[in-house]
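Here's the structure, in structure tokens; my notes come after.
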Protein chains: 2
Amino acid sequence: MAPDDDASVRVSPTLDADTSFLLARASALSAAAGNTALRELGLKVRSYSVLALAAEVGPSQRDLAERLRLDPSQVVSLVDELEACGLVKRRLDPSDRRARIVVATTEGQGLFARAREAIAGAQRETHAPLTGKEQLALGDLLRRLAYADLR
Amino acid sequence: MAPDDDASVRVSPTLDADTSFLLARASALSAAAGNTALRELGLKVRSYSVLALAAEVGPSQRDLAERLRLDPSQVVSLVDELEACGLVKRRLDPSDRRARIVVATTEGQGLFARAREAIAGAQRETHAPLTGKEQLALGDLLRRLAYADLR
DNA sequence: ATTCAATCATTGACATTCTCAACGACCGAT
DNA sequence: ATCGGTCGTTGAGAATGTCAATGATTGAAT
């Protein structure tokens, strides 16, 4: 009558169907994988994201905080760390002397390129359960959710 | 020639294409919405997930920690809180006197039902940018990622 | 030109959360 | 009866998130 030993329930019926919960779990898994991949480079996913913006955008710390949804005070310590490692520099904004522009040094550009590859490698493993087409679809859906507050 | 004012770049080119990053951002957004929706019920998404397991599964604290990927010590304080509010009870496991089974009280069942609705309402808003079909597809993809470590 | 509210980076305090090691109570097997 | 392993609990320390206050600087109003 009941050959089903309830193996289909992973956590709990409602939680298994709760997109927020799944999002949190998948995100935690992915972040953990990313952090271990970045460890040997002396980075975490947090500092990596700051380095990425410094390398590709060159934003003010304020702008950086908004893009990454961080508190400005967190940006201070993150940039402090990266600057201490020589990966990033604070430049004065010529048009606003209050602001500090964060740019990657040559060394920072190099490390960013390697970190980018490390993250990509970790993601290949993490996302292996999905086909390539599915990974693209997931990226599209997530982008529309994650940036829903912009525009 | 270039009517594109680069509005397509939200954070940074590589970050915008980084599924881990999008996952983290969408998850943070969703969790924040869930927390505000649960605030008036005196819950957070964390305690809600514990309450959900107590109501639907009735696991030992050990089992609970594994399902939610929490440290056993975190489970202690979470269950302490819920128990202090009369939402949950610790029962002795008759087959193992070391273990404590966490079950929802009648009051806990009631609050869980309301919290479930509150979460659902918050998600309707958070996931509004996606069609119903897309939301289902997202759930399917996330489930396969989030539970890739099981089985 | 001066004043004044607002913005930027920074500091420091505080709460929340994560991670880990240790411990008594209890289990299963020897 | 003993012994290695597991469960819940406690406590400590690090990491993270949140928030208010401050000095320097801006832009706008007067």
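Results for (1) surrounded by 21 or more Cβ atoms within 10 Å (Cβ to Cβ); (2) in contact with a strand residue (DSSP E or B) (Cβ under 6 Å, 6 or more places away or on another chain); (3) closer than 26 Å to A:VAL9 by Cβ, shown as yes or no for each residue.
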site: B:VAL11; (1), (2), (3): yes, no, no
site: B:LEU23; (1), (2), (3): yes, no, yes
site: B:ALA26; (1), (2), (3): yes, no, yes
site: B:GLY42; (1), (2), (3): no, no, no
site: B:PRO94; (1), (2), (3): no, no, yes
site: B:ARG100; (1), (2), (3): no, yes, yes
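Name the residue, out of B:LEU68, B:LEU51, B:LEU29, that is hydrophobic (A, V, I, L, M, F, W, C) and without any contact (Cβ under 8 Å) to a residue 40 or more places away in the chain.
Within the list B:LEU68, B:LEU51, B:LEU29, the selection yields B:LEU68.
Taking the criterion of being at pLDDT 95 or above, in a loop (DSSP other than H, G, I, E, B) and more than 7 Å from every other protein chain (Cβ to nearest Cβ), the residues of the stretch B:19-58 that qualify are B:LEU41, B:GLY42, B:LEU43, B:LYS44, B:GLY58.
For the criterion of being under 23 Å from A:LEU138 (Cα atoms) and either surrounded by fewer than 22 Cβ atoms within 10 Å (Cβ to Cβ) or of a type in the set (Asp, Glu) (or both), B:GLU83 fails. Residues in the stretch B:49-80 that are surrounded by 17 or more Cβ atoms within 10 Å (Cβ to Cβ) and among the charged types (D, E, K, R): B:GLU56, B:ARG67.
Checked against the criterion of being in contact with a Gly (Cβ under 8 Å, 6 or more places away or on another chain), within 12 Å of DNA strand D (Cβ to nearest atom) and modelled with pLDDT of 95 or more, the stretch B:76-83 contains one or more residues that satisfy it.
The values are calculated or read from the model by the stated rules, or taken from the named source; none is laboratory data. Remember, predicted model here, so these are calculated numbers, not experimental data. Note that each Cβ is placed from the backbone with ideal geometry, even for glycine, and that neighbours are counted across all protein chains shown.
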